[in-house]
Amino acid sequence: MSGFPILTVMLAVPAIAAVACLFLNAQGARWLALAATFVDLALGILLWSGFQTGDGAAQWQFVEHVRLFGIGGAEFAWALGIDGFALLLIVLSVFLMPICIGASWLSVTKRVPEYMAAFLATEVLMIGTFAAQDLMLFYVFFEGGLIPMFLIIGIWGGANRIYASYKFFLYTLLGSLLMLIAIIYMILTTGTTSIPALMQHDFPAHVQTWLWLAFFASFAVKMPMWPVHTWLPDAHVQAPTAGSVILAGVLLKLGGYGFLRFSLPMFPEASAQFIWLVFLLSAVAVVYTSLVALVQSDMKKLIAYSSVAHMAIVTFGLFALNSQGIEGAMMVMLGHGVVSGALFLCVGVIYDRLHTREIDRYGGLAINMPRYAVLFLLFTMASVGLPGTSNFIGEFLSLAGIYQVSTLYALLGTTGIILGAAYMLYLYRRVAFGDLTKDDVKAMPDLDLREFVMLGALAAVTLWMGVYPESFMKPMRGDVEKLVARLERAAPAGDSLPTVGKPAPAVEHGEHAAAPVAHGEAH
Amino acid sequence: MSAIYFIVFLPLLAAAVAGLSNKAFGKTFPKVITTGSLFIACALSWPIFISYLGGHAEPTVSPIFTWMLSGSMQVDWALRVDSLTAVMLVVVTSVSALVHLYSWGYMSEEPDQPRFFAYLSLFTFAMLMLVTANNLVQMFFGWEGVGLASYLLIGFWFRKPSANAAAIKAFVVNRVGDLGFMLGIFGTFLVFGTIDIPTILAAAPNMHGSTIGFLGARFDTMTVLCLLLFVGAMGKSAQLGLHTWLPDAMEGPTPVSALIHAATMVTAGVFMVCRMSPMFEQSQVALGVVTFVGAATCFFAATVGTTQTDIKRVIAYSTCSQLGYMFFAAGVGAYGAAMFHLFTHAFFKALLFLGAGSVIHAMHHEQDMRYYGGLWKKIPVTYWTMMAGTLAITGVGIPGIFGNTAFGFAGFHSKDAIIEASYAAGQTSAFWVGVFVALLTSFYSWRVVFLTFHGKPRWAASEHIQHAVHDAHGHGHDDHADDGHAHAAHGHDDHHHDHAHEGDGTAGYHPHESPIVMLIPLLILSVGAVLAGFVFHGFFIEPSAGESYWHGAVAFNEHLMHAMHEVPVWVKLSATIAMLSGLAIAYGAYIVSPSFPAKFAEAFRPLYLFSLNKWYFDELYNFLFVRPAFAIGRLFWKKGDEATIDRFGPNGVAKVVQLGGGVTAKLQSGYVYAYAFIMLIGLTAALTWVIAR
């Protein structure tokens, strides 16, 4: 693949299409957007199949480097390149984009060319964020990614869209500013903007603490972690369906990616130092937001709260600082990206028919929408973390990772599987089960071909990731090993510390049968 | 290709085909494909079992592919077959095949049959994955898979609110157990560095004296691991504390109760403890807990079973109680006896459930035994097969105390073995609980028989029967649509009536014997209930034959099995005496003097209510967990998110900024572009600052 700047092309295709969309009519913009996202999907698959794994494979592949300008020793460059983590998240993004365009095909009728342009811009910025190897370039993509999302909510959102986009903005602004200061400090002190170089750089411990906190401010909001999560339910509720899909599917992964790319490798000591903080907030999030999800009457809000709980498993896993934890966290991110995206689509499907997100307005959909009910059930079960679906792999591995650090937090994290089952099955019951009594619900038709194809594709990937996750775990294995090796010096010992045992004494059986033997001999 | 691949994956394939094709190829196709593949799987399973009985077969592991590979954790999809798996294979495939067949008749009026049969086959697949697991994570896959199938089948009649509630309850309560199972897997991986079962079991005997930290304190390693795993077993096998879902699970169609909630899924916990028995052997504390929980469940469920009036609920509590027997057998180290009771119980309990289904079918969906009575002449095949089941569960037989070979119905061999083993192991209190529960078992089982089949008909008071008779008359307002049973429209026309008999409690209703597809499974299972104990007891529990059969698949304790045969005569007789006493009390109370139970209940009212209300577990849990969860959720949402975080967070900031000037007020009123613009300006400013500095 050397020579062909595939990453730049993946950025250029949607970027050019986005501009072109603005000059087309609604139908033209739809088709162009769909074509562009499919081209990127094809390129993403090419990227995936061309990615080298195993011994001898380079950590950074598909590298591109064009010097832009230099100031005071710091070189700024158009530097792109991916490792396994970035690859997987790029593949997730390009897979979800055509589905987003498809989901908006009929439901968006206002300012369609602008809408499509906004989505394509989001795609550019997502891929850019994951592919950037230059710190400044990363920052531009990372923060810029919010602008189109912000517009999507603010212009094509629901009734209370202004409040939602404003809240979204306020939260992220605070975090970004602190991160920007940290980034500038890092560039000034190290004299490089290269992310791969910085990942090898050892900052002094006390500096790490401050830098870690500054990055944490940004990533915790993006994640979102409790207690800076309240923008998410509002943003989801107000966003159009496709906006929710991309928000849950990809944007929520930015925080996790940030931790993985910056906090852990660049500040290992500080990461170990703040395990308690991350674990505490994550544990609160699992229990707190799961209970809040249980009492929601708005479908999107419920799924949004469940996202916060799932993302807490990601932060948990990442800060376990061991291979199971980190691989698990990545798998939760991927699984959640697919499954929560699918769940928001499922909400969108019935929202398009009845124009309400109120759970109690539905009921009995299994009767008149059987195909929908089956797919919705699959995604519900995946969200619950049923083995054989994508989310189980991630949850299982992260929790196994956490157990090695803290049995208490493993216990608290695992309560999520009980609470998750409660709120998701309760949701499913109220939507799909029960008798079909309401006339407008009775009139709802089952999935059409477009919806069936979109949900079917997501379902296939959900099962694929659950049954044969190796396709997804293989590309990141080398990177996880490198990261774990780097973290080793800081990683905590855990609280289990089993001592070595001895072979059991041979009298074991005798003890068992002590009482009866006496009887036996008497005969 | 080894047969095991076909045994496991045919049901999955059948489930997929039946479920996806649904009604596309007509009504019969999904039934044929699912039932057919189950009979094939069953036919392939028996030779495997028999080869192990012959003592020549070695354990085999048939690989599929790697599931997960993370750091040092490797999880493979693979199918393990050894003598323990072989038992489960025949139990699962035989009962499942018969239940599929039975459902042709029982579900014949059901419009949604493909879905039902697909679920049944899916369940069977998951159960087979569970019993063939060679590692703990695949076992967990099967574990959750059967949980899913159970959820779907309990909630099969999803229009009924009570069925939905029961389905969710089953899933969520099981998840509480799964929490323990998962932590157990994590702990096992931490200690042994693998989740591969044979490797763990081989390493377990070297763990003597090892300690481990758990939740801030240090404990014996094997005790912690075994107890965590056992919490999982308690959930799946409905042991005391986590049992509340099982009686409610009776909302599902009766064939489901027979297959999942009696013969197979609920025994998964027992299977797991036996599979991990070399681990449990390392912790006397864990074994003590297993014995205690088993005995407590055994007692608790039997006391509740004595007062329930719904025929399926009595059998459900009976199942719960019998599972308790299996656990305390495992707890005293008699794993062979635990598996033996699991094996025989599968036949006679499936028989009792299917028989109950046949009664319910005949009585037009009436499940309340207070409205039964005198049915034995009307449905003789059902009567005699259920009689076989009752003789089996109560343990009727001739103890081998005079040097003769003991002979009896299935439960006689397996249950008495458990009671004798608990005595032989020196667990005197467990022994006495076992004996007393044998009396209760006999009482509640005969109570079912006497109330259902004997005495005078009491059908007239039943609303279901009144509906049936009413409809048959043809003054037909069809109120079946709203009684929530999708299956309620059930062959009314078959039930002719006769005014002359309305005074005798029959309301002129004529119950009919079930169709032949339902009777064949009953008859086959009756054979099992009569003979399974006598034929197989050698392989499961005889000292030398057992040792060669189990071949290390469970921690078979030859000494204990020897000792079991040497217990005093009064011990051997105790279970039989208890059984006869239970029978006598039931006969007295329900045949000789039918007014006695009411008087007794009146005299001991608190005790009666305590039992009738199932020891108030549901009320307690609602009070302790369910209502607080919703209340706290609401509190966090309204007081936490809205009144604290938002108020002092974004909304607070907005207020402060608004006070400072009119700029943001204008922003808030509308233009989103402005926000984007500010963000861009911020970015540009930052970049400029860096560049131009």
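A straight Cα-to-Cα reach below 20 Å connects B:LYS639 with the aspartates and glutamates A:ASP234, A:ASP298, residues fewer than 8 places away in its own chain not being considered.
Within 10 Å of each Cβ in peptide A:407-420, how many partner chain Cβ atoms are there on average? Round it to a whole number, please.
Numbers: counts 11, 3, 0, 8, 7, 0, 1, 8, 3, 1, 7, 11, 4, 2.
What the average comes to for A:407-420 is 5.
The length gained on full extension between B:LEU624 and B:GLU547, counted as 0.36 nm times the residue separation minus their Cα-Cα distance, comes to 23.0 nm. For the residue pairs B:LYS236/B:LYS599; A:LYS167/A:LYS253; A:LYS301/B:LYS23; B:LYS27/B:LYS236, the alpha carbons lie more than 31 Å apart in B:LYS236/B:LYS599; A:LYS301/B:LYS23; B:LYS27/B:LYS236. Taking all Cα pairs closer than 8 Å and separated by 6 or more residues, the relative contact order of chain B comes to 13 percent. In summary, the aspartates and glutamates within cross-link reach of B:LYS31, defined as a Cα separation below 16 angstrom excluding same-chain residues under 8 places away, comprise B:GLU109, B:GLU110, B:ASP112.
Excluding the sites themselves, what is the longest stretch of chain B that contains no GluC sites (Glu not before Pro) in a DSSP loop with at most 16 other C-beta atoms within 10 Å? Don't skip to the answer; put the middle values down first.
Working: sites that count: B:GLU109, B:GLU513.
The longest such stretch corresponds to B:110-512.
In region A:212-257, Cα pairs under 8 Å separated by at least six residues give a relative contact order of 54 percent. Calculated on the Cα set of region A:78-231, radius of gyration then Dmax: 17.3, 55 Å.
May I have the convex hull volume per residue, in Å³, for the Cα set of chain A?
It comes to 182 Å³ per residue, whole-number rounded.
Projecting the Cα positions of B:LEU323, B:THR506, B:ALA461 onto the charge dipole of chain B (unit charges on Cβ atoms of Lys, Arg, Asp and Glu, taken about the Cα centre) puts B:LEU323 furthest along the positive direction.
The relative contact order of region A:6-490, computed from alpha carbon pairs under 8 Å that lie at least 6 residues apart in sequence, is 15 percent.
Neighbouring Cβ atoms from other chains, within 10 Å of the Cβ of residues in B:204-214, number 6 on average. With neighbours defined as other Cβ atoms within 10 Å of a residue's Cβ, the residues A:MET186, A:MET330, A:MET149 order from fewest to most as A:MET186, A:MET149, A:MET330.
Counting other Cβ atoms within 10 Å as a rough exposure proxy, the listed residues B:LEU531, B:LEU342, B:LEU10 run B:LEU531, B:LEU10, B:LEU342 from fewest neighbours to most. Pairs over the 30 Å Cα-Cα cut-off, from the set B:LYS415/B:LYS456; A:LYS222/B:LYS638; A:LYS300/B:LYS312: B:LYS415/B:LYS456; A:LYS300/B:LYS312.
Under 5 Å between amide hydrogens, built in the peptide plane, is the criterion, and for B:LEU240 it picks out B:THR297 among residues at least 5 positions away or on other chains.
Helical content of the protein assembly as shown, expressed as a calculated mean residue ellipticity at 222 nm, amounts to -22000 deg cm²/dmol (DSSP H runs of 4 or more residues, -39,500 (n - 2.57) each, divided by residue number, nearest 500). Starting from the Cα of A:ARG489, move 7 Å in the Cα-to-Cβ direction to define the label point; list residues of region A:245-281 whose amide nitrogen is under 17 Å from there. Those under the cut-off are A:263-274. Here B:THR319, A:THR315, B:THR194 are placed in order of increasing Cβ neighbour count within 10 Å, fewest first, which gives B:THR194, A:THR315, B:THR319. The mean count of C-beta atoms from other chains within 10 Å of the C-beta of residues in B:120-127, rounded to a whole number, is 0. Within the straight-line cut-off of under 19 Å between alpha carbons, the lysines reachable from A:LYS442 are B:LYS160, sequence neighbours fewer than 8 places apart in one chain being disregarded.
For the protein assembly as shown, the direction-averaged projected area of the alpha-carbon convex hull comes to 48.9 nm².
Once backbone amide H atoms are built at 1.01 Å from N, A:PHE76 has A:LEU68, A:PHE69, A:GLY70, A:ILE71 as its partners under 5 Å, excluding neighbours fewer than 5 places away on the same chain. Using only the C-alpha atoms, the convex hull of region B:1-160 corresponds to 121 Å³ per residue.
In chain B, which longest range has no chymotrypsin sites (Phe, Trp or Tyr not before Pro) that are both DSSP loop (not H, G, I, E or B) and surrounded by at most 12 other Cβ atoms within 10 Å? Counting at most 12 other Cβ atoms within 10 Å as exposed, the longest clean stretch of chain B is B:1-401.
Size of chain B from its Cα atoms: along the principal axes, largest to smallest, the extents are 104, 73, 57 Å.
Bear in mind that the values in this text are calculations on the coordinates, not laboratory data. Bear in mind that the values here come from a model prediction, so they are computed numbers and not experimental data. Note that we place each Cβ from the backbone using ideal geometry, even for glycine, and neighbour counts take in every protein chain shown.
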